[in-house]
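Okay, so here's the structure we're looking at.
The values are calculated or read from the model by the stated rules, or taken from the named source; none is laboratory data. Treat the numbers as computed from the prediction; the structure is a model and nothing was measured. Neighbour counts run over all protein chains shown; Cβ positions are idealised from the backbone, glycine included.
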Amino acid sequence: MSQILPSRSSVSDSISGHDNNYTLIRVFLAASVIYFHAFGMTAGPVLQDHLSNTLLPITSVGGLAVEAFFFLSGLFVTQSFFKDRNTLGFAGKRFLRIWPGLFVCLLVSAFLICAITNPHNIPRIFVFSGFYDYVLKNAAFDITYVIPDTIEGLPFPSINGSIHTLPLEAKMYVVLGFLGLIGLVSRRWLIMVASAVTMLVTLIPVHGIPVLSWVFPSTYSHVAYTMFFAGVFTFGVAKWIVPRLWHGVALGLLMLILHDRLHVIAFYLFVIWSILFIGGWSKLGSFIRPRQDLSYGIYIYGWPSAQLLLLTAGPRISPYLLALLALCLASAFAAVSWRFVEKPAIAFGHRLATTIARGRSGSEPKETRSGALDVRIIFALSLVLVACVLARYVVYLHPFVPVVEMSARIKAFGPDQAKAGVPLNVQPDGTSAMWIALDSMPEQGATVVFSNHRLVTATGKNLVTATVDNSLVGHPGDKPIYVERRLMSRIERSNVVFMHVSP
């Protein structure tokens, strides 16, 4: 039986081993996200999310759960980096912790959604470009939420709305990795200074600084960024923090008497205290302590689980019932993901980091049966990824379904001519673009095809715009242009127009 933590241990003591309650906290947070999302995903009688109402206007249940996730991530990821200060090993472990589980989740959820919404076309899933587009774009952290002609009838037509936080999390890893690369994660006092400065950066508008505006975009996620580096800072001072009950009482009183920004600061300090106090509370651990960390799997499978339930049971289900059923289904997915994907990938990441640390001249880690299994699983995932990339190329090269005329037709487009080698209709951000006017509203999934190249397309009312790579007008000639929409059962194409590119 594992030793129960003393009730007054420091944060450093509580996070250094496995006898803590942080896994339980993460599972609770993942369940909270499912609960929050359920209220926006149903079309039944309007029910109030009273828990979120009590947190407004500061945050919501889902927002607070994500912010708490980011705090815990900053705390534990910094601990991992501090123990093994190898940037390549750190990057490998972080990648293998997030990506394999995400990739399998994308494959599973995309297949199930396509199969349930198109039960008579299941064999065509594997020659459907939308399936591969969804999986590969999201696997590359280019977040997209829909597959055409699947869940368009649901109140919130997104296959997985939760994964938008994963690129943000990955960016925080990049920043922390950079801090480690320049030596700012080698001493606790350096961690404190670096994280404090970074927290200030996350709170300052950085529109005019290209790199910083990419890392810390001006979105609601600024609080999550700040909480991540609050977790980094907490690790720096973890030896001296001993969460006590009177700390929480004092912070609660401060929340009552302070206003505006100071009230918000006191609120998040109370949240951080709550996480640290519960995380090291030994009495709670004596009652319940999960042996498997299913939190990530519950988080990434929570939304698609809810959508699968809505597709089968109907959108008018109670959000409370939906949250309960989705949590059960997501937990089942998460258990399988942990056993067969996440746990082996984590083990492979640790073995990889050890190999990098020892170097080519050092002794190789001893191969074990479990280690060989880890390698086989990672190899299998790599093969599936390659197969998806090749399949996507093939299905775009050869239409495996009938090509039919699109109901919308091109009426006009511009510019209708260009000069070879000269950028086309240059936009303020330096990119080239074009517009196409249609005689009716384009349906979801419509894409501009320019000289057999699919363009990044934005749709509006009777109008689509697209970004044009300058290489497409690098040579003279008449360039064919049309609008296309690829579905599982057919490919819809508009009439073809031509842009004249002069020498």
Problem set entry | Some residue of segment 55-73 being modelled with pLDDT of 90 or more and in contact with a Gly (Cβ under 6 Å, 6 or more places away or on another chain) | yes
Seminar exercise, completed: Residues in segment 137-195 that are among the β-branched types (V, I, T), within 19 Å of the chain's Cα centre (by Cα), surrounded by fewer than 21 Cβ atoms within 10 Å (Cβ to Cβ) and in a loop (DSSP other than H, G, I, E, B) total 3
Exercise. Do we have any residue at all in segment 151-171 that's of a type in the set (D, E), within 18 Å of F103 (Cβ to Cβ) and assigned by TED's automatic domain parsing to the domain that holds I298?
Worked result: yes
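Which ranges mark the helices (runs of 4 or more DSSP H) fully within segment 226-293 that have 2 or more residues being modelled with pLDDT of 95 or more? So that I can check it myself, show each step before the final result.
Details: elements: 245-257, 260-279, 282-287.
So the answer is 245-257, 260-279.
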Problem set entry | strands (runs of 3 or more DSSP E) completely within segment 464-503 that count 1 or more residues being over 19 Å from I410 (Cα atoms) | 477-486, 497-502
Exercise. Looking at segment 386-411, which of its residues are closer than 19 Å to A139 by Cα and among the small types (G, A, S)?
Worked result: A387, A391
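Quick check, is T431 in contact with a Ser or Thr (Cβ under 8 Å, 6 or more places away or on another chain), of a type in the set (S, T, Y) and over 22 Å from K411 (Cβ atoms)?
Values: in contact with a Ser or Thr (Cβ under 8 Å, 6 or more places away or on another chain): yes; of a type in the set (S, T, Y): yes; over 22 Å from K411 (Cβ atoms): yes.
Considered against the rule, which asks whether it is in contact with a Ser or Thr (Cβ under 8 Å, 6 or more places away or on another chain), of a type in the set (S, T, Y) and over 22 Å from K411 (Cβ atoms), T431 comes out as yes.
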Exercise. When the residues of segment 137-195 are filtered to those that are out of contact with any Pro (no Cβ under 9 Å at 6 or more places or on another chain) and among the hydroxyl-bearing types (S, T, Y), which remaining residue is nearest to G89 (Cα to Cα)?
Worked result: Y173
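Quick grid of which residues meet (1) crowded, with 18+ Cβ neighbours inside 10 Å; (2) closer than 25 Å to E405 by Cα:
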| position | (1), (2) |
| --- | --- |
| D416 | no, yes |
| V426 | no, no |
| G430 | no, no |
| P442 | yes, yes |
| L487 | yes, yes |
| V497 | yes, yes |
Problem set entry | segment 401-414, residues that are among the hydrophobic types (A, V, I, L, M, F, W, C) and loosely packed, with under 15 Cβ neighbours inside 10 Å | V403, V404, A412
Exercise. Of the residues that sit in segment 25-44 and are touching a residue at least 40 places away in the same chain (Cβ under 8 Å) and of a type outside the set (A, V, I, L, M), which one is farthest from L262 (Cα to Cα)?
Worked result: G44
Exercise. Can you find even one residue in segment 206-215 that is modelled with pLDDT of 80 or more, of a type in the set (A, V, I, L, M, F, W, C) and out of contact with any helix residue (DSSP H, G or I) (no Cβ under 8 Å at 6 or more places or on another chain)?
Worked result: no
For this session: Determine if segment 82-91 includes at least one residue that is hydrophobic (A, V, I, L, M, F, W, C) and closer than 20 Å to E342 by Cβ.
Result: yes
Problem set entry | Top-ranked residue of segment 311-333 - restricted to ones that are assigned to a loop (DSSP other than H, G, I, E, B) and either touching a Cys at 6+ places or on another chain (Cβ under 8 Å) or touching a residue at least 24 places away in the same chain (Cβ under 8 Å) (or both), ranked as surrounded by the fewest Cβ atoms within 10 Å (Cβ to Cβ) | R316
Exercise. Would a scan of segment 464-474 turn up a residue that is polar (S, T, N, Q), in contact with a Phe, Trp or Tyr (Cβ under 9 Å, 6 or more places away or on another chain) and surrounded by 14 or more Cβ atoms within 10 Å (Cβ to Cβ)?
Worked result: yes
